[in-house]
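See below for the structure under consideration.
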Amino acid sequence: MSIQYSDRRNATSKPCLIDIDDQRLRVHRDGVVKQALRFDEVCEVRLAIEMAGQDTQIVCRVRGRSGTQIVFGSRYWLGVGNWRNQAVEFRGFLKTLHEALMPFSGQIAFLEGASLGFRWVMTGLGIAMAAIGLSTAITLLRNDNMIGLAVIAPVGIGLWFAWVFRPKPPKAYNPEAYLQ
């Protein structure tokens, strides 16, 4: 088994080639192996939806017990606001990855969604946005400045943001679904 996938997450990252062989997942940059993770060392595979310019992409994070993490997404950054959709290639690569990990599936957490830490940060930002909007609206309205009513919108947006990203436990997915 050998399959390759090209990835570039954003403007600050260099293009890389990720491959799967019989024993490991590897990341190559400039023709040199920069990261490698043996399948028997993998402890978590997380699939999440993240922003890619104005669109979204699916991002896969494969983490090993030693802390090594290999990350790749379904879109390739080409330039400012310019992303190439690689959904078909991404799906094939995920299928091969899941096939390779199945013998070790008992020791791997297959999770979907953002990490708990990310959710706490985003919830905090939503609450902060709502609090700033509410305090600004109250201050303006106490001074008979009706523009304070317009500042109520960020309160709603902040509360919505906090609700969408509210911390919740990770959700497991069935890795066998990717074998089809």
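Computed from the coordinates by the stated procedures, all read-outs in this text should not be read as laboratory data. All values derive from a computational prediction rather than experimental measurement. Cβ sites come from the backbone with ideal geometry, for glycine too, and all protein chains shown count toward neighbours.
Structure remark: mean-square fluctuation, Gaussian network model of the chain, C-alpha springs under 10 Å; the largest value among M146, M129, M102 belongs to M146. Amide H contacts of Q86: R75, Y76, each under 5 Å away and 5 or more positions distant or on a separate chain (H built 1.01 Å from N in the peptide plane; Pro and chain starts excluded). Using θ = phi - 60° in the Karplus curve 6.51 cos²θ - 1.76 cosθ + 1.60, the 3J(HN,Hα) couplings for region 141-157 round to 5, 5, 8, 6, 9, 5, 4, x, 5, 5, 7, 6, 4, x, 5, x, 5 Hz; x is entered for Gly and Pro.
Which one is right for this structure if percent of Cα pairs over 26 Å apart is calculated from it: (1) 27; (2) 61; (3) 44? Comparing each candidate, only (3) matches the computed number.
For S135 and D40, compute 0.36 nm times the residue count separating them, minus their Cα-Cα distance, and round to one decimal in nm. Let's see the in-between values first.
Working: separation 95, 0.36 × 95 = 34.20 nm, distance 5.27 nm.
Stretched out fully, the S135 to D40 stretch lengthens by 28.9 nm.
Going by the alpha-carbon gyration tensor, a ≥ b ≥ c the square roots of its eigenvalues, is region 116-164 rounded (a/c under 1.5) or, if a/c is not under 1.5, prolate (a/b greater than b/c) versus oblate?
Values: a/c = 5.62, a/b = 2.98, b/c = 1.89.
Prolate is the answer for region 116-164, as a/c is 1.5 or above and a/b outweighs b/c.
Ellipticity at 222 nm from helices only: DSSP H runs of n ≥ 4 in the chain, each -39500 (n - 2.57), divided by the residue count, give -10500 deg cm²/dmol. Between I49 and T68, the modelled label-to-label distance comes to 3.2 nm, taking each label 7 Å out from Cα in the direction of the beta carbon.
Distance from the Cα centroid of region 3-58 to that of region 136-178 is 32 Å (rounded to whole angstrom).
Rounded to the nearest 10 degrees, the angle from helix 87-101 to the longest Cα principal axis of the chain is 60 degrees.
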